[in-house]
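Asker: I am attaching a structure below and will ask some questions about it afterwards.
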Amino acid sequence: MTVAIPSPETLKRLAHAAGPGGALVAGHDDIERYLVEWRGIYRGTAPLVLRPASTQAVADIVRIAHETRTALVPQGGNTGLVGGQIPDVSGAQIVVSLERMKAVHGVDALNNTVTVDAGCTLAAIQDVARENDRLFPLSLASEGSCQIGGVISTNAGGTAVLRYGSMRSLVLGLEAVLPDGRIWNGLSGLRKDNTGYDLTALLAGAEGTLGIITRAVLKLFPAPKATETAFIAVRDPQAAVELLVQLQDASGGLVSTFEIISRQGFELVLAHFDGAMDPLSQAHEWYVLAELTAGTDGWLRHVLETSLATAIENEMVADAVIAESETQRMALWALRENMSEAQKLEGASIKHDVSVPVSQVPAFLAQATQAVTQALPGVRPVPFGHIGDGNIHFNLSQPRDMDGKAFLDQWQAMNDLVHGVVASLDGSISAEHGIGTLKRDEITRYKSDVALDAMRAIKKALDPHGIMNPGKLI
């Protein structure tokens with residue numbers, strides 16, 4: 001599978017295929033934002049950025065690329081964290097941005113679905129659902145700018161996977177342009193369709209390596225009428241897992257969010273965000289942000305209060321506060337949502353997006369913390385994230401007396417330690433961010449040869465020329 005450096009004639013044909021206003025050439029004032037990842041870690045070059053406004057335009061672009069062996073890099077909102085949306089530095093890859101394709105094609109309230117273009121932002125879809133008294137449950141810190149095509153392509157997770165599943169679980173059908181330029185219309189609103197391979201599930205999480213998603217049919221849910229949110233100081237991660245089970249049992253599975261926060265990370269938020277306040281009277285080592293939602297009001301608060309009282313009596317919980325208003329609720333959420341930005345403001349960080357069985361999270365946190373602190377004295381683990389589904393962002397902040405660049409040079413060594421613990425607990429080295437460029441080589445150490453061979457066979461069958469996002473995922 002080899003790709004070619006696009007000729008001037010090829011670039012001209014591709015620009016024309018993108019339609020009026022659909023092409024930015026190298027040197028354009030606005031092209032830089034498509035070539036740099038938001039953290040500045042990945043930076044590429046491209047002779048052309050294409051911004052098609054229709055599925056047919058995408059198909060025309062891909063057909064030319066297939067014919068001329070031109071590499072394409074599909075891009076959504078450029079919010080990815082593993083470099084999958086950024087071209088390489090060869091200058092041979094063309095970025096295809098879906099940002100102009102942002103129409104909402106309709107809500108079917110009786111079928112609980114919405115059909116949208118790939119360029120719709122996650123926040124826009126949430127708003128459309130809300131306007132129809134429905135809920136689209138996926139929630140990410142980047143929801144104001146991330147686009148649903150990219151969210152699907154990376155099978156993103158977020159804070160509500162515990163209740164509703166990851167992005168792949170929320171997609172009923174897709175429309176996509178395959179690597180030869182053909183349009184596959186799988187825009188089904190069906191919840192049952194047993195007629196062969198599930199191409200929708202295959203494209204979700206493929207990171208643009210098997211085609212370009214152009215439209216999607218998404219699941220909607222009844223809008224919650226009652227929401228109870230609590231910020232809870234737990235004894236330790238084991239107590240957090242036990243509290244989750246207790247809340248799930250008491251509520252009948254109505255826990256929507258269950259996020260763990262370490263004191264180390266919490267202090268970074270307090271230090272770097274004006275107005276951030278500790279809602280509890282004393283400092284604690286571990287916290288949980290828990291949220292329960294239901295279709296009827298008047299009883300959920302009692303369930304939460306009773307469960308917390310029992311947990312306090314059993315010494316699983318030291319203290320807790322329940323939001324009394326939407327303002328208080330948002331203030332509690334901000335303590336969790338500002339965690340990544342606070343770590344960025346603190347200095348250099350090495351990130352791990354990993355998952356283990358929920359029951360193994362306490363063991364993972366203990367073993368991974370011991371491994372990295374022994375190997376690099378002074379390193380500051382900042383674990384936080386979705387303990388309710390086993391996904392922990394085990395991030396490391398640089399030692400206070402260490403140069404940032406010198407610390408980042410330890411990235412692979414820290415990866416080896418943390419991912420080794422993950423593998424020993426039957427976990428995954430990428431829970432929700434994807435593989436992209438960052439972990440492309442890393443997965444060869446943790447995926448079996450059988451799995452890798454199967455993935456390569458699928459890639460070769462659908463994209464024999466290797467034009468779709470080359471150098472990513474596999």
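The values are calculated or read from the model by the stated rules, or taken from the named source; none is laboratory data. If you're wondering where the values come from, they're calculated on a predicted model, not measured in any experiment. Cβ placement follows ideal geometry from the backbone for every residue including glycine, while neighbour counts extend to all protein chains displayed. Side chains included, ligands, DNA and RNA excluded: accessible areas come from the protein's heavy atoms. Shrake-Rupley method; radii C 1.70, N 1.55, O 1.52, S 1.80 Å.
Asker: Give the accessible surface of region 379-461 per residue, rounded to a whole number of Å², with probe radius 1.4 Å and ligands, DNA and RNA excluded.
Answerer: 45
Asker: What ranking, highest mean first, results for peptides 147-158, 229-240 when packing means the other Cβ atoms within 10 Å averaged over each residue?
Answerer: Numbers: 147-158: 27.8, 229-240: 22.4.
Put in order of decreasing packing, that is 147-158, 229-240.
Asker: Could I ask something else about it? Using only Cα atoms, what is the ratio of the radius of gyration of the chain to 2.2 N^0.38 Å?
Answerer: Details: Rg = 22.8 Å, N = 474, 2.2 N^0.38 = 22.9 Å.
Relative to the 2.2 N^0.38 Å estimate, the chain comes out at 1.00.
Asker: Hey, another quick one. Multiply the residue gap between THR373 and ALA141 by 0.36 nm, knock off their C-alpha separation, and tell me the result in nm, one decimal place. Walk me through the intermediate numbers first.
Answerer: Numbers: separation 232, 0.36 × 232 = 83.52 nm, distance 2.86 nm.
Taking THR373 through ALA141 to full extension adds about 80.7 nm, to one decimal.
Asker: Per DSSP helix of 4 or more residues, -39500 (n - 2.57); summed, then divided by the residues of the chain. What does that give at 222 nm, rounded to the nearest 500? Mind showing how you got there, number by number?
Answerer: Working: 15 runs with 156 residues, N = 474.
Here the helix-only value at 222 nm equals -10000 deg cm²/dmol.
Asker: Now a separate question. Taking amide H atoms as placed 1.01 Å from N in the peptide plane, list the residues 5 or more away in sequence, or in a different chain, whose amide H sits under 5 Å from that of ALA4.
Answerer: Answer set, sorted by chain and number: THR70, ALA71.
Asker: Could you calculate the FRET efficiency of ASN111 with GLU285 from 1/(1 + (r/R0)^6), where r is the beta carbon distance between them and R0 is 45 Å, rounded to 0.05?
Answerer: Values: r = 47 Å, r/R0 = 1.04.
Efficiency at R0 = 45 Å is approximately 0.45.
Asker: Give the ranking of MET101, MET330 by solvent-accessible surface, highest area first, calculated with a 1.4 Å probe.
Answerer: Values: MET101 5, MET330 95 Å².
Ranked from most to least accessible, the order is MET330, MET101.
Asker: Calculate how steeply helix 263-272 sits against the longest principal axis of the alpha-carbon atoms of the chain, using the helix alpha-carbon long axis, and give the answer as 0 to 90 degrees to the nearest 10.
Answerer: With both axes taken from Cα atoms, the answer is about 70 degrees.
Asker: Let me ask something else about it. What translational D, rounded to a whole number of µm²/s, comes out for region 344-420 from Stokes-Einstein when the hydrodynamic radius is the Kirkwood one over Cα pairs, at 37 °C and 0.692 mPa s?
Answerer: Result for D is 261 µm²/s.
Asker: To the nearest 0.05, how large is the calculated FRET efficiency for ASP236 and LYS12 if R₀ is 51 Å and r is the Cβ-Cβ distance?
Answerer: Numbers: r = 63 Å, r/R0 = 1.23.
Working from the Cβ atoms, E equals 0.25.
Asker: Just the accessible area per residue of region 30-145, please: how many Å² with a 1.4 Å probe? Before the final figure, lay out each step's value.
Answerer: On the way: 4320 Å² over 116 residues.
Computed with neighbouring chains in place, this is 37 Å² per residue.
Asker: Distance in nm between label sites at ASP409 and ARG43, each 7 Å beyond Cα in the beta-carbon direction?
Answerer: 2.0
Asker: From the protein chains alone at 1.4 Å, what is the descending order of accessible area for HIS272, HIS352, largest first? Mind dumping the intermediate values first?
Answerer: Numbers: HIS272 60, HIS352 0 Å².
Per-residue accessible area, sorted high to low, gives HIS272, HIS352.
Asker: Taking the chain, how many lysine pairs are there with alpha carbons less than 27 Å apart, if each pair must be eight or more places apart or span two chains?
Answerer: Lysine pairs meeting the criterion: 24.
Asker: May I pose another question? Per 0.36 nm of contour for each residue apart, how much would the distance between ASP30 and GLU442 grow if the chain were fully extended, relative to their Cα-Cα spacing?
Answerer: Numbers: separation 412, 0.36 × 412 = 148.32 nm, distance 3.34 nm.
Difference between extended and current length: 145.0 nm.
Asker: Given R₀ = 41 Å, FRET efficiency for ASN132-LEU345 by Cβ-Cβ distance, to 0.05? Please report the intermediate quantities before stating the final value.
Answerer: Details: r = 38 Å, r/R0 = 0.93.
My answer for the efficiency is 0.60.
Asker: Quick one: length gained pulling ASP401 to VAL450 fully straight, 0.36 nm per residue minus the C-alpha distance?
Answerer: Contour length minus the Cα-Cα distance gives 13.2 nm.
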